[in-house]
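A short write-up of the structure that comes next.
The values are calculated or read from the model by the stated rules, or taken from the named source; none is laboratory data. Keep in mind that what you see is a predicted model, and the values were worked out from it rather than measured. When we count neighbours, we look across all protein chains shown, and the Cβ atoms used for this are built from the backbone with ideal geometry, even at glycine.
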Ligand SMILES: Cc1cc2nc3c(=O)[nH]c(=O)nc-3n(C[C@H](O)[C@H](O)[C@H](O)COP(=O)(O)O)c2cc1C
């Protein structure tokens, strides 16, 4: 599949829906050793005069080992309702237990020396700018008691605020 490089300013679509509705794959690691997982929490916007994408990863995810070890990731955003069975598998099975990259039914591709997925509608290449784990003592009760019911304090999401270096759209 062919992709065209655009600038972050040219990216079309509703930033809320890009994650919440469309879903994405966060992929980190090297071309030889990487992992991917489905994400539907994320933001795209502006910070410190830079175009940024923020993603949220719990330490229990296998992907976390890779986001911690990597400086750059890809975020492969899918079209609305596209590839849902595959994204559901990649969002419920762990790379610890299955060969996700070869058995997911999606096609890994190389972008700027990183792995992403060919069936995506938009691929972002991003570089970590600032990352920090959520602090349990600062979470609103409402969030602690719903989103993190039964979750240990040290397994709250880590937020990775990343600068967007490349934006590719499917032709
Ligand atoms: C629709 C959907 C959205 C998800 N969003 C996130 C997310 O934003 N952050 C996160 O840590 N896990 C999220 N998950 C859960 C991970 O994708 C899931 O735990 C996955 O199996 C982790 O794989 P891994 O162990 O190979 O990293 C989501 C799952 C689904 C199905």
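Hey, can you tell me all the residues within the range 102-112 that are over 15 Å from residue 78 (Cα atoms) and not in a loop (DSSP other than H, G, I, E, B)?
Listed by number, the residues that qualify are 102, 103, 110, 111.
Among the listed residues 103, 81, identify the single one that is over 23 Å from residue 169 (Cα atoms) and out of contact with any strand residue (DSSP E or B) (no Cβ under 7 Å at 6 or more places or on another chain).
103
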Quiz item: Restricting attention to the range 6-33, and to residues there that are within 19 Å of residue 111 (Cα to Cα) and in contact with a helix residue (DSSP H, G or I) (Cβ under 6 Å, 6 or more places away or on another chain), which single residue is surrounded by the most Cβ atoms within 10 Å (Cβ to Cβ)?
Solution: 28
Quiz prompt | Number of the exception - residue 115 against (1) buried (at least 18 other Cβ atoms within 10 Å of the Cβ); (2) within 12 Å of the ligand (Cβ to nearest atom); (3) outside any loop (DSSP other than H, G, I, E, B) | solution = (2)
Practice problem: Scan the range 118-171 for residues that are within 16 Å of the ligand (Cβ to nearest atom), in a strand (DSSP E or B) and farther than 12 Å from residue 73 by Cα and jot them down. | Solution: 131, 132, 133, 158, 159
Self-check item: Residue among 74, 27, 67 that alone is at negative phi, in a strand (DSSP E or B), within 14 Å of the ligand (Cβ to nearest atom) and in contact (Cβ under 8 Å) with a residue 40 or more places away in the chain
Solution: 27
Quiz item: Take the residues of the range 77-97 that are farther than 12 Å from residue 21 by Cβ and assigned to a loop (DSSP other than H, G, I, E, B): which is farthest from the ligand (Cβ to nearest atom)?
Solution: 83
Exercise. Hey, could you check the range 42-61 for residues that are in contact with a strand residue (DSSP E or B) (Cβ under 7 Å, 6 or more places away or on another chain) and without any contact (Cβ under 8 Å) to a residue 40 or more places away in the chain and say which is nearest to the ligand (Cβ to nearest atom)?
Key: 61
Self-check item: Residue in the range 31-53 that is modelled with pLDDT of 95 or more, closer than 17 Å to residue 170 by Cα and not in a strand (DSSP E or B) present
Solution: no
